[in-house]
Amino acid sequence: MPAMSVTAERTAVEPGRASHGEGTPDRGQEALIERLAELLVEQGQCDAKTIERGRRVAAESGQRLDAVLIQLGLVTERGLAEAYASLLARPLATPSRYPDATPLFPERLTPRFLRHARALPVAVEGDTVVVAAADPLDGFAAAAIGSATGKRVALEIAVPIELEAAFDRLYPEVAAKGETESAAAAEPLEEDAERLKDLASEAPVIRLVNQIISRAVETQASDIHIEPFEDRLRVRYRYDGVLHEAESPPARLTAAIISRVKIMSRLDIAERRLPQDGRIRLAVRGTEIDFRVSTVPSLYGETVVLRVLDRSAVAFDYARLGLPPGVVERLSATLELPNGILLVTGPTGSGKTTTLYTGLLALNSVTRKVVTVEDPIEFQLRGINQIQVKPQIGLTFATLLRSILRQDPDVIMVGEIRDLETAQIAVQAALTGHLVLSTVHTNSAAATITRLRDMGLEDYLMTAVLRGVLAQRLVRRLCTACRRRSEAAPELVRRFDLQRRAGTDRVMLWHPVGCPQCRNTGYRGRQAIAEFLVPNAAIESLIFSRAEHTEIERAAVEAGMVTMFEAGLEAALAGATTVEEVARSIRAEA
């Protein structure tokens, strides 16, 4: 039969054949889906109760079970793809499998059809075309591609986010055309609220925003930055503390995209003059994710930042955080004290909240009442009473602390000590038998003491309640798949005295290279480097004499404290990170 061109219009599907999880599956497909459900349980992607819940919804809606599990966020798309691969004994299509720039059979397979079929030819091997399919149980797509190309079809299983990225790369003009047509009448600056709402509700805009969010979750970004400029809308993702630019959506969709995010986070889309904060909870790629949303007016519109709060990607474990054993030992001992104040310090994004949450979970038990006052609440902790600060109605850290003390808690976490009033109430709580955990924004553990003094806290109160100060930074971990080891440059060895630290004449350091596993950055993930200051008699004497933080740090080092920079250099010598990354993180001169 001669090869034919497949257009976007889908012809009649055989009776009983399901398409993309819609319609009632035939008996052969039913058996496959039942085996798929068993595989999902066996592989730990979900449990039997989850499957039963999916079956009930599938029976009510007439959809296939696998489609329901994804729509309800009960399994991840990658997990489902791995189960498809096991079920059909077919390989997963890796990102490198997709064509780089030129699609296959562009004259025979239209991009609209392929997007609708969620399938893409990735290779031609003799008389066979290899097709990456997100729904390998949809027999129509494979049959249609085979008819159009005149070749046999061999399936590989596609992970949807990787398939979508390939579509966007291979057919950019099609996506841009559809999105541009949908918003052709948009006026970029002076839309009224109803017009914005209409634009933000159009399918291409919804799909585009969902793709931006999904890509962030799938690639484990910590933040999404959406920034309007005069001639373009810039989208950037933050990976391991560093921003990376992504492909920019059409500039004319700026207002619609920002309005869509504001609608999702229940913000006022008509208010574009004032900053707003909101929250989104979504099932993304089969995982329940929270997003903290912040909008700020700028010259060419509102800049939007979404903080990705993925509980499954956060490790509340000291070892996985990368804290050295000596610091963990001192921190744990301080957390076991019946009263006093423990402070964690560092700049924004240095992992202070994660460290405190890890400590709180260790303290959480039926015999203790643990209360937190936060702004904002980043993660919900089971069994812990968490309270959100709301300054606009007078619900500040100080006012909440006063009220909490009447509830007889054992442990109190204060999100941040920002002023003297909050500091004084925290001290009062510690003096009356409570353990108080909090954060302060300073550059080192010793500088925290001078910061409290600058706030106006009396020296005698500070020495009475302060049990320990943990200062930390996050440094990027070297990718173990591609890092390279070589001899350190002599100048670097001399500057940081690496010979003494390494205990050998020939100092070897690891360096970043870059590979697909680390997005070609050479780094993958982050770990904490930290110093822990425990006030002793010498330090208390320095506090009373109002000594500078350099003197206090010197006394702490003499008492056994390992500074952050020393800890960072040790991590670099061990091959966990680089000297340059340590210097960048601690703001030291490299």
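The values are calculated or read from the model by the stated rules, or taken from the named source; none is laboratory data. In this text, all values refer to a predicted model and were calculated from it rather than measured experimentally. For neighbour counting, all protein chains shown are included, and Cβ atoms are generated from backbone atoms with ideal geometry for every residue, glycine included. Heads up: the accessible areas ignore ligands, DNA and RNA and are worked out on the full protein's heavy atoms, side chains in. Shrake-Rupley method; radii C 1.70, N 1.55, O 1.52, S 1.80 Å.
Among the residues of segment 144-173, which ones are among the small types (Gly, Ala, Ser), under 37 Å from the mean Cα position of the chain (by Cα) and open to solvent by 30 Å² or more (accessible area, probe 1.4 Å)?
165 - this is the single residue of segment 144-173 that is among the small types (Gly, Ala, Ser), under 37 Å from the mean Cα position of the chain (by Cα) and open to solvent by 30 Å² or more (accessible area, probe 1.4 Å).
Of everything in segment 266-280 that's surrounded by 14 or more Cβ atoms within 10 Å (Cβ to Cβ) and either touching a strand residue (DSSP E or B) at 6+ places or on another chain (Cβ under 7 Å) or among the charged types (D, E, K, R) (or both), which residue is farthest from residue 305 (Cα to Cα)?
Applying the filter and picking the extreme gives 271.
Would you point out the residue of segment 77-94, among those that are of a type in the set (A, V, I, L, M) and not in a helix (DSSP H, G or I), that is surrounded by the fewest Cβ atoms within 10 Å (Cβ to Cβ)?
Going through the qualifying residues, I end up with 89.
Of all the helices (runs of 4 or more DSSP H) wholly in segment 238-338, which have at least 3 residues that are modelled with pLDDT of 90 or more and in contact with an Asp or Glu (Cβ under 9 Å, 6 or more places away or on another chain)?
Values: elements: 254-264, 318-321, 325-335.
By residue number, 254-264.
Is at least one residue of segment 414-431 part of a helix (DSSP H, G or I) and basic (Lys, Arg)?
Applying the first criterion (part of a helix (DSSP H, G or I)) to segment 414-431 yields 420-431.
Within this subset, residues satisfying the condition of being basic (Lys, Arg) are none.
Looking through segment 414-431, none of the residues is part of a helix (DSSP H, G or I) and basic (Lys, Arg).
So which residues in segment 487-512 are closer than 25 Å to residue 240 by Cα, open to solvent by 30 Å² or more (accessible area, probe 1.4 Å) and modelled with pLDDT of 90 or more, if there are any at all?
Once the filter is applied, which keeps residues that are closer than 25 Å to residue 240 by Cα, open to solvent by 30 Å² or more (accessible area, probe 1.4 Å) and modelled with pLDDT of 90 or more, segment 487-512 yields 508, 510, 511, 512.
Is at least one residue of segment 542-560 more than 37 Å from the chain's Cα centre (by Cα), small (Gly, Ala, Ser), within 25 Å of residue 443 (Cα to Cα) and open to solvent by 50 Å² or more (accessible area, probe 1.4 Å)?
Within segment 542-560, one or more residues are more than 37 Å from the chain's Cα centre (by Cα), small (Gly, Ala, Ser), within 25 Å of residue 443 (Cα to Cα) and open to solvent by 50 Å² or more (accessible area, probe 1.4 Å).
Between a residue in segment 428-440 that is under 23 Å from residue 472 (Cα atoms) and any residue that is assigned to a loop (DSSP other than H, G, I, E, B) and β-branched (Val, Ile, Thr), which pairs come within a Cβ distance under 7 Å, given they are 6 or more apart or on different chains?
438/417; 440/417
As an exercise: evaluate residue 186 against (1) surrounded by fewer than 17 Cβ atoms within 10 Å (Cβ to Cβ); (2) in contact with a helix residue (DSSP H, G or I) (Cβ under 9 Å, 6 or more places away or on another chain); (3) modelled with pLDDT under 65 and give the number of the one condition it does not meet.
Result: residue 186 fails condition (1) only.
If you check every pair at least six apart or on different chains, which have Cβ atoms under 8 Å apart with a residue in segment 496-508 that is farther than 13 Å from residue 572 by Cβ first and a residue that is in a strand (DSSP E or B) and not polar (S, T, N, Q) second?
506/487
Can you find, within segment 98-124, the residue that is farthest from residue 34 (Cα to Cα) among those that are open to solvent by less than 70 Å² (accessible area, probe 1.4 Å) and part of a helix (DSSP H, G or I)?
111
Which of the numbered conditions does residue 395 fail, given that it passes all the others? Conditions: (1) of a type in the set (A, V, I, L, M); (2) over 16 Å from residue 438 (Cα atoms); (3) within 22 Å of the chain's Cα centre (by Cα).
Single failed check for residue 395: (3).
Among the residues of segment 339-348 satisfying the criterion of being among the polar types (S, T, N, Q) and surrounded by fewer than 17 Cβ atoms within 10 Å (Cβ to Cβ), which is modelled with the highest pLDDT?
Among them, the one singled out is 339.
Whether any residue in segment 131-143 is open to solvent by 20 Å² or more (accessible area, probe 1.4 Å) and aromatic (Phe, Trp, Tyr) is what I want to check. Even if it seems obvious, please write down each step before you answer.
To start, the set of residues in segment 131-143 that are open to solvent by 20 Å² or more (accessible area, probe 1.4 Å) comprises 139-140, 142-143.
Adding the requirement that they be aromatic (Phe, Trp, Tyr) leaves 140.
Yes, some residue in segment 131-143 is open to solvent by 20 Å² or more (accessible area, probe 1.4 Å) and aromatic (Phe, Trp, Tyr).
With respect to the numbered conditions (1) touching an Asp or Glu at 6+ places or on another chain (Cβ under 9 Å); (2) of a type outside the set (Asp, Glu); (3) open to solvent by less than 60 Å² (accessible area, probe 1.4 Å); (4) modelled with pLDDT under 85, which one is the sole condition not fulfilled by residue 65?
(4) is the only condition that residue 65 fails.
Run residue 74 past the list (1) of a type in the set (A, V, I, L, M); (2) part of a loop (DSSP other than H, G, I, E, B); (3) crowded, with 19+ Cβ neighbours inside 10 Å; (4) more than 27 Å from the chain's Cα centre (by Cα) and report the number of the one that doesn't hold.
(4)
Pick from 355, 367: which is under 30 Å from residue 432 (Cβ atoms) and open to solvent by 60 Å² or more (accessible area, probe 1.4 Å)?
Being under 30 Å from residue 432 (Cβ atoms) and open to solvent by 60 Å² or more (accessible area, probe 1.4 Å) holds for just one of 355, 367, which is 367.
What are the pairs with Cβ atoms under 9 angstrom where one residue, in segment 339-357, is in a helix (DSSP H, G or I) and the other, located anywhere, is at pLDDT 95 or above and of a type in the set (Asp, Glu)? Sequence gap at least six, or different chains.
none
Condition first: open to solvent by 50 Å² or more (accessible area, probe 1.4 Å) and farther than 30 Å from residue 558 by Cα. Now tell me which residues in segment 513-536 satisfy that. First the steps, then the outcome.
Residues of segment 513-536 that are open to solvent by 50 Å² or more (accessible area, probe 1.4 Å), as a first pass: 513, 516-517, 519-520, 524, 526, 534, 536.
Answer for segment 513-536, where residues must be open to solvent by 50 Å² or more (accessible area, probe 1.4 Å) and farther than 30 Å from residue 558 by Cα: 513, 516, 517, 519, 520, 524.
Mind checking which residues of segment 358-396 are part of a helix (DSSP H, G or I) and within 19 Å of residue 426 (Cα to Cα)?
First pass over segment 358-396, keeping only residues part of a helix (DSSP H, G or I): 358-363, 391-393.
359, 360, 363, 391, listed by residue number.
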